[in-house]
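All remarks here apply to the structure that follows.
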Amino acid sequence: MKRLLISVALIISSTFTPAFAQVPTSFTFIGSGYGHGVGLSQYGAKGQALEGKSATEILNYYFPDAQVTSVEDTATISVNIAHQVPNISLSISAGDYFTLQNEGLAATPLATNSPLAFSISGTFISGSINPENRAKIWIIRWSNPSSIVTLNYGTTKFQINHGYLQLRSVKAAGIGYRIEATNLLSLHDEYLYGIAEVPSSWPSAALQSQVIASRTYALMRMGSLKKACDCHVYNSKYDQAFVGYAKEGEPRYGQLWKAAVDATAVDAGHGLAITIEQEPISVFFSSSTGGMTQRAIDVWGTDIPHLVNVADPWSIDPAINKNYARWTKKVTQKAMAKAFGLPDIERYEIVSRTVTNSVLQITGFSSSGASKTLPVATFKTAVKLPSSWFDLPA
């Protein structure tokens, strides 16, 4: 009997040990495109502009059920430029001064080049001009619209020059009160001057198509203020990239972007936007695709009828999209296991794909026999893949 048990143990050992030995140390993915691929393909716009297409022609191509029309855009947009910070400091370019105001302080001009510092004090914000003068809201303006205002918080330096600045004390879940800094400025042009979604060196038609898409995006976010940030939009990927003065202040190319913004203005109170029945649409854009744009329902599970699949060959042309026409990404065993929530990953299978050949669902298999299926958005975010158009090397 003892000899039989030993034999059984050897059989079990020889059955399972090789499985664990086959667990890869990493996985290599190959793919195309960058981003979700819904709506306007930015590299597709670049490719079409190089072929001589206008901004309107480019947008009509990616949004075939919509039109580019003139809309009123006189609103003031609130852009969050510092989120949940405990303190913040400000300085201004030479020769100018700040005007400071809160609930208990009349608008007060400060000395030329006076720096300012603010910090959370309980539920209020205290200002360095008089630490005992605390308020829930501070308004900061500057006299010269050409001046550059520099904000410093943590390791971040952010420059603005349009509109004015508001600091508000907002309660953040789990950490108490923090400062929300917002730049309030004209949606018509001042906000758009700071949008950094595409390189300013691109052809003018590509720049203008992005301006029109960005104006449309902003108009769709003007319905209400988000309490968490005291803003209509964030300045990051949560909405669209806004970098303030850094965009129009770029050496050599900044003025090209500013000219593209101005070219989409119809008059002082109207600009071009993407519309259906004269109403701005829900617009989306991303860097590039795997050769065809995505439907919203395939990416987010929500059907938006005007967001359809269209061919996008420019995204997979390496002469146009140098970095993401084709990409390779190595993912470690540790990252794969963490993504699936399994002890290890022996292999994976692509469960389903869209009509564009992008991945919809992916299943990971552990050497223990366990498996887990994830939607592609969850997976590619966890392992930092550029897009959902991917596979293992052949």
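Data overview
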read-out	value
Matching option when the condition is out of contact with any Cys (no Cβ under 8 Å at 6 or more places or on another chain), surrounded by fewer than 17 Cβ atoms within 10 Å (Cβ to Cβ) and of a type outside the set (V, I, T), among S209, S200, S236, S214	S236
Test result for I320, at pLDDT 95 or above, β-branched (V, I, T), surrounded by 21 or more Cβ atoms within 10 Å (Cβ to Cβ) and within 21 Å of Q48 (Cβ to Cβ)	no
Segment 80-97, residues that are part of a strand (DSSP E or B) and either modelled with pLDDT under 90 or of a type in the set (S, T, N, Q) (or both)	N80, Q84, N87, S89, S91
Matching residues in segment 330-349 - criterion: being of a type outside the set (F, W, Y), under 27 Å from I297 (Cβ atoms) and surrounded by 16 or more Cβ atoms within 10 Å (Cβ to Cβ)	A339
Any chance D391 is assigned by TED's automatic domain parsing to the domain that holds G290, loosely packed, with under 14 Cβ neighbours inside 10 Å and in contact (Cβ under 8 Å) with a residue 40 or more places away in the chain	yes
Unmet requirement for A19, which otherwise passes all of (1) at pLDDT 95 or above; (2) within 30 Å of K329 (Cβ to Cβ); (3) of a type outside the set (K, R); (4) outside any strand (DSSP E or B)	(1)
Meets criteria (of a type in the set (A, V, I, L, M, F, W, C), modelled with pLDDT under 95, surrounded by fewer than 20 Cβ atoms within 10 Å (Cβ to Cβ) and assigned to a helix (DSSP H, G or I)) for A377	yes
Residue match in segment 325-334 (condition: outside any loop (DSSP other than H, G, I, E, B), modelled with pLDDT of 95 or more and within 20 Å of the chain's Cα centre (by Cα))	no
Breaking point among (1) within 22 Å of Y164 (Cβ to Cβ); (2) within 18 Å of the chain's Cα centre (by Cα); (3) of a type outside the set (D, E); (4) assigned to a helix (DSSP H, G or I), for K258	(2)
Subset of segment 126-172 [touching an Asp or Glu at 6+ places or on another chain (Cβ under 8 Å), β-branched (V, I, T) and touching a residue at least 40 places away in the same chain (Cβ under 8 Å)]	V170
Qualifying residue in segment 175-187 (condition: among the charged types (D, E, K, R), in contact (Cβ under 8 Å) with a residue 12 or more places away in the chain and in the same structural domain as K46 (by TED's automatic domain parsing))	no
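The values are calculated or read from the model by the stated rules, or taken from the named source; none is laboratory data. Note that the structure is predicted; figures quoted are calculated from it, not measured. Every residue, glycine among them, receives a Cβ derived from its backbone with ideal geometry; neighbour counts consider all protein chains shown.
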